[in-house]
Amino acid sequence: MQNWRNTFRFLTALQLLPALESGEETLVGGQAVLEGVMMRSPHAWGISVRKPSGEMVTHSEPLARLSDKHKWMGWPIIRGVMTLGQAMGLGFKALRFSANVALDEQPVKEGEKKLEISGWVAAVNIVISLGFFIFMYKFLPLVAATELKDHAGAIFGNQIIFNVVDGIIRIALFLLFIWATSLWKDIRRVYEYHGAEHKTVFAFEAHDEMKPAAVQRYVTWHPRCGTSFLMTVMLISIAIYTLVPVQTFAARFAVRIALLPVIAGLSYEIIRFAAKRRGSLFALMTAPGLWLQRITTQPPSDDECECAIVALDKAMELEAVHGGELVIA
């Protein structure tokens, strides 16, 4: 039963992955995982996961900077798509590592093999996660908005109103899912580690002491969070879909899939700009994501902050070797 619980925790956290990770290439960021935190710098990443016994398991690896390999990957819009793709891949790898640490702690009978999230299990989970995302946030809202248009009057046939209603339904489903998962104790602990990650990043950027007591002084919501990114995506998508004059259900659904990279890249640029200029109009667009982080981040314990600090230390040790000194202005 415990093994099924751990597997289900992994699958649920996988659905939340875009809301838990930070996809910024040029600054320190991170992601909450199961009972731990992954931290990344421009050229390295480190992870620290706490076992039930209290022992921390750590791991770190160098990380290729995409814009160093190919200059065109650093172009606006394109860099967002590429960086977010790399961040999602790294985030999944870190989440799988944390799940396997938990499974490794489970007792097994003599002669039986220890359970782990194998390659094929991971692939199945990715397919399920992608299918869930498309069904929940693309297909269902479009079906609901189409039904309203067909049965509630001609006003919903207006291109702008139709896409606004579609967007409101999409956001409502997202908020419902975030709220529902927050009620589960195991996922709430993931949200606590998410808060620890943000506090640690804030402390690092402020050149503060990397100790739990110092880290705890900072807030848990951060403008570069994946939660803010997702909310920005959903708001931007309303405007983008309105600009595409298609009328049939099939065409609208195809547009929502095809424009995902464009919307993601544009949203990345807005988040990047807003994080540097917090008094700008673009920063107002990211405000709903900061409000939502009151749910997706929770006040962490000192032990959880310690986990985030250790993960950052591991990343920075490799960053010094592969990237040199990282200067935060």
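List of remarks:
- Output for segment 291-308, where each listed residue is among the charged types (D, E, K, R), open to solvent by 10 Å² or more (accessible area, probe 1.4 Å) and modelled with pLDDT of 90 or more: ASP302, ASP303, GLU306
- Evaluation of LYS185 against (1) among the charged types (D, E, K, R); (2) over 28 Å from PHE273 (Cβ atoms); (3) in contact with a helix residue (DSSP H, G or I) (Cβ under 8 Å, 6 or more places away or on another chain) (one fails), failing number: (3)
- Near pairs, Cβ below 6 angstrom, 6+ apart or cross-chain, from segment 33-54 (over 18 Å from GLU317 (Cα atoms) and open to solvent by less than 10 Å² (accessible area, probe 1.4 Å)) to any residue that is modelled with pLDDT of 90 or more and assigned to a loop (DSSP other than H, G, I, E, B): none
- Residues of segment 235-259 classified as in a loop (DSSP other than H, G, I, E, B) and either crowded, with 17+ Cβ neighbours inside 10 Å or touching a residue at least 12 places away in the same chain (Cβ under 8 Å) (or both), total: 3
- Matching helices (runs of 4 or more DSSP H) fully within segment 120-234 where at least 1 residues are of a type in the set (Asp, Glu), buried (at least 18 other Cβ atoms within 10 Å of the Cβ) and at pLDDT 90 or above: 159-182, 185-205
- Residue match in segment 269-283 (condition: more than 16 Å from the chain's Cα centre (by Cα), at pLDDT 85 or above and buried (at least 19 other Cβ atoms within 10 Å of the Cβ)): no
- Residue within segment 186-195 that is farther than 26 Å from MET39 by Cβ and in contact with a Lys or Arg (Cβ under 8 Å, 6 or more places away or on another chain) present: no
- Hits in segment 142-175 - residues which are touching a helix residue (DSSP H, G or I) at 6+ places or on another chain (Cβ under 7 Å), among the hydrophobic types (A, V, I, L, M, F, W, C) and touching a residue at least 40 places away in the same chain (Cβ under 8 Å): LEU142, ILE160, VAL164, ILE171, PHE174
The values are calculated or read from the model by the stated rules, or taken from the named source; none is laboratory data. For clarity, every value in this text was computed on a predicted model and none was experimentally measured. Counting neighbours? That spans all protein chains shown, and the Cβs are built from the backbone with ideal geometry, glycine included. Surface accessibility is based on the protein's heavy atoms, side chains included, excluding ligands, DNA and RNA. Shrake-Rupley method; radii C 1.70, N 1.55, O 1.52, S 1.80 Å.
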